[in-house]
Amino acid sequence: MKVRRSIFIVALTLTQLATSALAQDDDNWPSLSYLRSDYKAVAVVAHIRIQQAEITRRIGGYENWKIVGEVVEPFKGKFKKGDVIEYFHGAEAGFKRESFMGEKLVFLLAEYDRDRKPHYSVLENSTLPYTEDRVKKLRRIKRSLNSRRTRKPRNHSSASAEMSAR
């Protein structure tokens, strides 16, 4: 009897630890590496406040939504705070308009028409609700990628000339 009770207590404790770990992972999801991968794959990354969402086309069990939103904070691309972005989001039929509204973090692909005018669409499964943790991660990614681009390349010939002069 004592063995069964001990096994039950150990099992219960392990279940609570696993549940707690999953809850913590959910708070930190997606990971920095996941966000970095999506960030590198797209032309635009931004925190936006969606103003309009409407279905523009239905094909089979899918709907194409036209989304219009105001940039709250840009992370990548040509948009600035206050700019309006229009993009398209494909989704399974049946989503309610409200699920597209609010503050979102969007990762947008760009396709260009003959006049070089961009048309934006979401990277599949990448639109996320706004959270402070996600924004902190995106700021970190932006800083790390920008600092790599702005570093001055070392002029190796001057370094070797300096060494030979000694």
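The values are calculated or read from the model by the stated rules, or taken from the named source; none is laboratory data. Quick caveat, the model's predicted, so the values are computed rather than measured. With ideal geometry, Cβ positions are generated from the backbone for all residues, glycine too; neighbour counts draw on all protein chains shown.
Exactly one residue out of Arg149, Arg140 is modelled with pLDDT of 95 or more and assigned to a helix (DSSP H, G or I): that is Arg140.
Looking only at segment 79-91, count how many residues are closer than 15 Å to Lys66 by Cβ and either hydroxyl-bearing (Ser, Thr, Tyr) or surrounded by 14 or more Cβ atoms within 10 Å (Cβ to Cβ) (or both). If you could, list the steps in order and put the result at the bottom.
At the first step, the residues of segment 79-91 found to be closer than 15 Å to Lys66 by Cβ are 84-91.
From what's left, either hydroxyl-bearing (Ser, Thr, Tyr) or surrounded by 14 or more Cβ atoms within 10 Å (Cβ to Cβ) (or both): 85, 87-89, 91.
Qualifying residue count, segment 79-91: 5.
Taking strands (runs of 3 or more DSSP E) that fall entirely within segment 35-113, which contain at least 1 residues that are on the phi > 0 side of the Ramachandran plot and either under 12 Å from the mean Cα position of the chain (by Cα) or of a type outside the set (Ser, Thr, Tyr) (or both)? In segment 35-113, 102-112 are the strands (runs of 3 or more DSSP E) which contain 1 or more residues that are on the phi > 0 side of the Ramachandran plot and either under 12 Å from the mean Cα position of the chain (by Cα) or of a type outside the set (Ser, Thr, Tyr) (or both). What number of residues within segment 92-129 are in contact with a helix residue (DSSP H, G or I) (Cβ under 9 Å, 6 or more places away or on another chain), aliphatic (A, V, I, L, M) and either surrounded by fewer than 17 Cβ atoms within 10 Å (Cβ to Cβ) or closer than 16 Å to Ala43 by Cα (or both)? Of the residues in that region, 3 qualify.
When the criteria are applied in full, Thr13 meets the requirement of being at pLDDT below 95 and either assigned to a strand (DSSP E or B) or more than 29 Å from Arg148 (Cβ to Cβ) (or both). Just so you know, in segment 50-75 the residues that are of a type in the set (Val, Ile, Thr) and in contact with a strand residue (DSSP E or B) (Cβ under 6 Å, 6 or more places away or on another chain) include one that is surrounded by the most Cβ atoms within 10 Å (Cβ to Cβ), and it is Ile67.
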